[in-house]
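K.L.:
Please see the structure below; I have some questions.
The values are calculated or read from the model by the stated rules, or taken from the named source; none is laboratory data. As the structure is a prediction and not an experimental result, all values here were calculated from the model. Here the Cβ positions follow ideal geometry from the backbone for every residue, glycine too, while neighbour counts run over all protein chains shown. With ligands, DNA and RNA removed, areas are computed over all heavy atoms of the protein, side chains included. Shrake-Rupley method; radii C 1.70, N 1.55, O 1.52, S 1.80 Å.
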Amino acid sequence: MTTLLALLSGGLLAASFPKYGHPAFAWTALAPLFVAVALRATRSPAAGSRGVFALGWLTGIVHFSLTVSWVVEVMNLHGGLPLPVAWAVMLLLASYLALYPALCAVLVGRAVRQFGVTGLWLAPACWVATEWLRGWVGGGFPWALLGTSQASVTPVIQLASVTGVFGVSALLALVSAAAAVVTVTRRPRHLWAAGGVMALVALVTALGAWRVAGGTLVLSGPVLKVGLVQGNVAQGQKWDPEFRQEIIDRYLRLSRQVIDVGARFVVWPEASTPFFFEAEPLRAEPIRALARETRTAILIGSDLFERDAAGDRIYNSAVMVGEDGTSRGSYSKMQLVPFGEYVPLKSLLFFIGPLVEKVSDFTHGTDPTVLEASGVKTGVAICYEVVYPWIPRAFAERGAQLLTTITNDAWFGVSSAPYQHFEQASVRAVEQGRYLVRAANTGISGVVDPYGRTIVTTGLFEETAITQDVRLIQSRTIYSYLGDVVAWVCALAAAMVAVTGRRRRQTAAQSAAGGEQL
């Protein structure tokens, strides 16, 4: 029975995210796992941590195998891997990610063994702590954090402006913990506590609705008309010399289209120039000329090349071209995509040789540079950097009035990944209280307001350009000032559970051997 409960939690977690899921599932997704862990920990204490670890891992493997199943298409079509090997790579990734729910289960199991059913109330802290850990270990992979499932639930996601996404994850996990407690016990004090959790959810929702109704953020700050250009360049054509001029002409034509209807800031997608923008001035000149002629700032996604005594380096970057046609600064991507922009542990992963040969060896950027032109200060998250909460926050700390994210989601095809990616980006808008504009090579491009509401979007795999008025905002949210305090508190609570559990086991062992020692 406990195994079935763990599998059910994995399915509910996967069903909480787009494109096929619904955010309602997230509210009780962890309840079956918490019940399973409580049953295993109380009825089979001799099994120790291994039994509950297996339950958490089962939840994780189901969750991530379904949520990141798009990795198969990426590895097969663009990485050149045979389909069976692509499936193996995806399962390897899912198996690794499943270690974090497994660790959560171990911690919850220890809490239950120490405190009985009351220990289940520590489960939200354990979940958030391991979720936060997943975003940092080995460079991190904070894809599909539980709190991001509520991106489209506007009143609830407002909590992120105070606590960040981890606070939303904590609230969801708390509801699951309450459901688990009520399932395994009917003691009045736990029933009252569960009722308190429901009241907390109602309060958070009401305050969120009140915040959105106030609409302060969409009424203040200078108005800027932004143009987003979606070139829809096929992945196989991006670096083919035969298509180079066609690609440049397409982006120039689409840019003129949005400039002609009033755009004063134009955003191109990630790696939109099929050449090194700063290193090839002749090819870059038509873009600079357009900026000069129209007195319009243009943000260009382009790889940058550097050569010095230390060797050659390539950066995945964004370049701000001012209204006078000169480069006003650049930002280089800090969080590179494993197996997309570099291959970790190359010597160990010999079996994915075809992929290793195709992956460009990019260099990590080191500084969250805010780019400025025409009075616009913007922070640019490149591709999946936008799923890291700390990166947009660093931009806001440095004075960014607008959040920009540029990406090339052509790798994902028509899978769920573009939808998951866009929703995660929209949470960053709420966290920082900024408009967020997103230019994607093949979509989804769009604009999100500071309350996380999508104003306009494009379809997938269509050549198009759109304009939208946004506001440049100076004020900062509570989360922008405080950061991930909730995650730190949860990590501390989880660490105390781990340490206390270890000490209790040591004490029990010493007591058992005490007669012989004395």
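K.L.:
Please report the antiparallel percentage of DSSP beta bridges with both residues in the chain, rounded to the nearest 5. Write down the numbers at each step before the final one.
P.N.:
Values: 33 of 50 bridges.
Among the beta bridges of the chain, antiparallel pairing accounts for roughly 65 percent.
K.L.:
Only loop residues by DSSP count here, and only those with at most 16 other Cβ atoms within 10 Å; note down the chymotrypsin sites (Phe, Trp or Tyr not before Pro) in region 428-488 that meet that. Working shown, then result.
P.N.:
Details: sites: Tyr435, Tyr451, Phe461, Tyr479, Tyr481, Trp488; in loops: Tyr435, Tyr451, Phe461.
Of the chymotrypsin sites (Phe, Trp or Tyr not before Pro), the ones in loops of region 428-488 whose Cβ has at most 16 other Cβ atoms within 10 Å are Phe461.
K.L.:
Once you sort the root eigenvalues of the Cα gyration tensor of region 116-243 as a ≥ b ≥ c, which label holds: rounded (a/c under 1.5), prolate (a/b larger than b/c) or oblate (the other case)? Display every interim value, and only then the final one.
P.N.:
On the way: a/c = 3.42, a/b = 1.65, b/c = 2.07.
Judged from the Cα gyration tensor, region 116-243 comes out oblate (a/c at least 1.5, b/c at or above a/b).
K.L.:
Ok, one more. Tell me the carbon and sulfur percent of the accessible area for the chain, rounded to whole percent, probe radius 1.4 Å. Don't jump to the answer; show the numbers that get you there.
P.N.:
Values: 12850 of 20580 Å².
About 62 percent, which is the carbon plus sulfur part of the accessible surface.
K.L.:
If you look for lysine pairs in the chain that are eight or more places apart or on different chains, how many of them have Cα atoms under 30 Å apart?
P.N.:
15
K.L.:
If amide H atoms are built 1.01 Å from N in the plane of the peptide, which residues on other chains or at least 5 residues away come under 5 Å of the amide H of Phe265?
P.N.:
HN-HN under 5 Å from Phe265: Gly227.
K.L.:
Right, something else. Quick one: if the Förster radius is 56 Å, what FRET efficiency do Arg253 and Ala206 give, using the C-beta to C-beta distance and rounding to 0.05?
P.N.:
On the way: r = 48 Å, r/R0 = 0.86.
Working from the Cβ atoms, E equals 0.70.
K.L.:
Over all directions, how big on average is the projection of the convex hull of the alpha-carbon atoms in region 1-153, in square nanometres? Kindly include the intermediate steps, with their values, before the conclusion.
P.N.:
Details: hull surface 38.1 nm².
Its Cα hull, projected and averaged over all orientations, spans 9.5 nm².
K.L.:
Continuing with this model, one more query. Normalised radius of gyration for region 423-500, please: alpha carbon Rg relative to 2.2 N^0.38 Å, two decimal places. Walk me through the numbers on the way to the answer.
P.N.:
Working: Rg = 17.6 Å, N = 78, 2.2 N^0.38 = 11.5 Å.
Cα Rg divided by the expected 2.2 N^0.38 Å: 1.53.
K.L.:
So how much accessible area does Glu270 have, in Å² to the nearest 10, using a 1.4 Å probe?
P.N.:
20 Å²
K.L.:
May I pose another question? Find how much the distance from Arg186 to Arg307 grows on full extension, using 0.36 nm per residue of separation minus their present alpha carbon separation; answer in nm with one decimal. Intermediate values should be presented prior to the final figure.
P.N.:
Values: separation 121, 0.36 × 121 = 43.56 nm, distance 6.85 nm.
Contour length minus Cα-Cα distance gives 36.7 nm.
K.L.:
Taking 1 over the mean of 1/r across every pair of different Cα atoms in the chain, what Kirkwood radius in Å do you get?
P.N.:
On the way: mean 1/r = 0.0414 Å⁻¹.
One decimal place: 24.2 Å for the Kirkwood radius.
K.L.:
With the cut-off at 13 Å, report for region 1-57 the share of all Cα pairs above it, as a whole percent. Mind dumping the intermediate values first?
P.N.:
Working: 910 of 1596 pairs.
The share of Cα pairs beyond 13 Å in region 1-57 comes to 57 percent.
K.L.:
May I ask you to derive the relative contact order of the chain, considering only C-alpha pairs under 8 Å and at least 6 residues apart, and to give it as an integer percent?
P.N.:
Worked out over the chain, it gives 17 percent.
K.L.:
Something else now. Bin width 10 Å, alpha-carbon pairs only: give the P(r) of region 226-312 as whole percents, running from 0 to the bin holding the largest distance.
P.N.:
17, 49, 26, 7, 1
K.L.:
Where in region 56-94 is the amide nitrogen less than 16 Å from a point lying 7 Å along the Cα-to-Cβ axis of His22?
P.N.:
none
K.L.:
Within 10 Å of each candidate Cβ there may be at most 15 other Cβ atoms; applying that plus a DSSP loop requirement, which chymotrypsin sites (Phe, Trp or Tyr not before Pro) in region 1-89 survive?
P.N.:
On the way: sites: Tyr20, Phe25, Trp27, Phe34, Phe53, Trp57, Phe64, Trp70, Trp87; in loops: Tyr20.
Taking region 1-89 and a limit of 15 other Cβ atoms within 10 Å, the loop chymotrypsin sites (Phe, Trp or Tyr not before Pro) found are Tyr20.
K.L.:
Quick one: what Rg and Dmax do you get for region 101-176 from the alpha carbons, in Å?
P.N.:
13.2, 38
K.L.:
May I ask you to derive the relative contact order of region 206-311, considering only C-alpha pairs under 8 Å and at least 6 residues apart, and to give it as an integer percent? Let's see the in-between values first.
P.N.:
Working: 113 pairs, mean separation 28.8, N = 106.
For region 206-311, the relative contact order is 27 percent.
K.L.:
Right, another one. To the nearest 10 square angstrom, what accessible area does Phe412 show with a 1.4 Å probe?
P.N.:
The value for Phe412 is about 20 Å².
K.L.:
Continuing with this model, one more query. Hey, can you find the accessible area per residue of the chain for me, probe 1.4 Å, expressed in square angstrom? The partial results should precede the final answer.
P.N.:
Values: 20580 Å² over 518 residues.
Using a 1.4 Å probe on heavy atoms only, each residue of the chain averages 40 Å².
K.L.:
What does the helix-only formula give at 222 nm for the chain: each DSSP H stretch with n ≥ 4 adding -39500 (n - 2.57), the total divided by the residues, and the result rounded to the nearest 500 deg cm²/dmol? Mind dumping the intermediate values first?
P.N.:
Details: 18 runs with 248 residues, N = 518.
Dividing the helical sum by the residues of the chain leaves -15500 deg cm²/dmol.
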